[in-house]
């Protein structure tokens, strides 16, 4: 199975008509329960779903929020909504070309997905399937492709009944074996199960290699600073600004999937490794969290975690909550917000008075917070200084005496620690230096 085309958006009977050069026509619908207590604005959620559809080159012909009293077990929507949306899909209301893909911005059961496809006579994908499509199209590294394929197979295994009703026919066993033969759907499940087992084995090898790389970095050693945040918060743009790298950075959901690392020198001259990671999103499919666990371990192991937020987004607080939830799920535990440094990005999009209010809130916050614009560079020097402070926060003060001719050890202390006092006396050079315990052990091994 190819990771690039995971859930089959292009069945033969629904290909674009000749002469149509755009993407497939698509309907995007965001179901909203009237009893929902979500703090997220429904227009913002719909806009996010539209952005996800556009990320895989679907042409959004119609989008809307559907408010409903309850979820119908068979079809999610009531008969009235089903019929009205069906007319839009068939082009009866607008006179436009027929819509070939319907995106339902919610988690659909296999039965709901199958029934909606039969009702609307088009391909139906839910939020999880849509995100998997994006990840399948964007993953570039071998590890990324393995992770996406594993997540897709795990998702598809429960949906083999979805719309392929012909698979429910039995092949029929050989007469002498007795009893019914293995159904096609059972065969497919068995084959998928075998492929999942193989992928997990390959990902274990990837994890082993990543652990070796991590151990090698510890021997160097350089502190690791990880960028995390909601998708499209500006992590890659900030990464490029800080490291002068050329990582793909676009105004698009999930522009970055594969983790990237570059060296960065802080104002004190200390060298660190900056890591750009995949963006998070609300209702991130559990299959993807599990599959990308090896990649996200880079976050768990980081010395400093920078939570990049889109300060200009109307739902920035809700996005923050979604990121913290994923960080807890990957193993950072409760109270994770107290271990982060907040980077309030896109301040260039804020009016002057809003920027002042945000700055005052940041000063009163019980966690470090920095206002930046990755586009203009404003605040990035302050961020580099905060990284310096965070790296040295757990340093301890040690007193070291060196021989006058031991210039190499003195230079090592200046490079790896923070020299706070130096006295050149007749017998030796006495240095007070702030180091973490690991660096102190390395220094002692040198001498």
At least 2 residues that are under 19 Å from residue 234 (Cα atoms), modelled with pLDDT of 85 or more and in contact with a helix residue (DSSP H, G or I) (Cβ under 7 Å, 6 or more places away or on another chain) in each: list the strands (runs of 3 or more DSSP E) lying fully within the range 336-431 that qualify. 340-345, 369-371
Determine whether residue 60 is in contact (Cβ under 8 Å) with a residue 12 or more places away in the chain, surrounded by 15 or more Cβ atoms within 10 Å (Cβ to Cβ), under 20 Å from residue 33 (Cα atoms) and in the same structural domain as residue 100 (by TED's automatic domain parsing). no
Suppose we keep only residues that are part of a loop (DSSP other than H, G, I, E, B) and at pLDDT below 80 within the range 280-320. Which one would you say is surrounded by the fewest Cβ atoms within 10 Å (Cβ to Cβ)? 283
Can you pull out the residues in the range 67-95 that are in contact (Cβ under 8 Å) with a residue 60 or more places away in the chain and out of contact with any helix residue (DSSP H, G or I) (no Cβ under 9 Å at 6 or more places or on another chain)? 88
Regarding residue 101, is this residue assigned by TED's automatic domain parsing to the domain that holds residue 59, surrounded by 17 or more Cβ atoms within 10 Å (Cβ to Cβ), farther than 30 Å from residue 208 by Cβ and at pLDDT 90 or above? yes
Of all residues in the range 249-266, which are assigned to a loop (DSSP other than H, G, I, E, B) and modelled with pLDDT of 60 or more? 259, 266
So, residue 370, is that one touching a strand residue (DSSP E or B) at 6+ places or on another chain (Cβ under 7 Å), in contact (Cβ under 8 Å) with a residue 24 or more places away in the chain, in the same structural domain as residue 311 (by TED's automatic domain parsing) and under 15 Å from residue 272 (Cα atoms) or not? no
For the range 435-447, give me each residue that is buried (at least 17 other Cβ atoms within 10 Å of the Cβ) and outside any helix (DSSP H, G or I). 435, 436
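Matching residues to (1) outside the structural domain of residue 339 (by TED's automatic domain parsing); (2) surrounded by 20 or more Cβ atoms within 10 Å (Cβ to Cβ); (3) modelled with pLDDT under 90:
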site	(1), (2), (3)
181	yes, no, yes
190	yes, no, yes
208	yes, no, yes
214	yes, no, yes
232	no, yes, yes
239	no, yes, no
268	no, no, yes
275	no, yes, yes
Residues (crowded, with 18+ Cβ neighbours inside 10 Å and either under 21 Å from residue 41 (Cα atoms) or not assigned by TED's automatic domain parsing to the domain that holds residue 236 (or both)) located in the range 325-344: 326, 344
Residue 324 over 30 Å from residue 446 (Cβ atoms), part of a helix (DSSP H, G or I) and without any contact (Cβ under 8 Å) to a residue 60 or more places away in the chain: yes
For the range 150-163, how many residues are in contact with a helix residue (DSSP H, G or I) (Cβ under 6 Å, 6 or more places away or on another chain) and either at pLDDT 80 or above or assigned by TED's automatic domain parsing to the domain that holds residue 52 (or both)? 7
Pick out the one residue from 319, 381 that is more than 30 Å from residue 439 (Cβ to Cβ) and assigned by TED's automatic domain parsing to the domain that holds residue 229. 319
Out of all the residues in the range 381-431, which are over 24 Å from residue 338 (Cα atoms), within 40 Å of the chain's Cα centre (by Cα) and surrounded by 14 or more Cβ atoms within 10 Å (Cβ to Cβ)? 412, 413, 414, 416, 417, 418, 419
State yes or no: is residue 438 within 19 Å of residue 266 (Cβ to Cβ), within 48 Å of the chain's Cα centre (by Cα) and either free of Cβ contacts under 8 Å to residues at least 12 places away in the same chain or in the same structural domain as residue 303 (by TED's automatic domain parsing) (or both)? no
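The values are calculated or read from the model by the stated rules, or taken from the named source; none is laboratory data. Note that the structure is predicted; figures quoted are calculated from it, not measured. Positions of Cβ are backbone-derived with ideal geometry, glycine not excepted, and every protein chain shown enters the neighbour counts.
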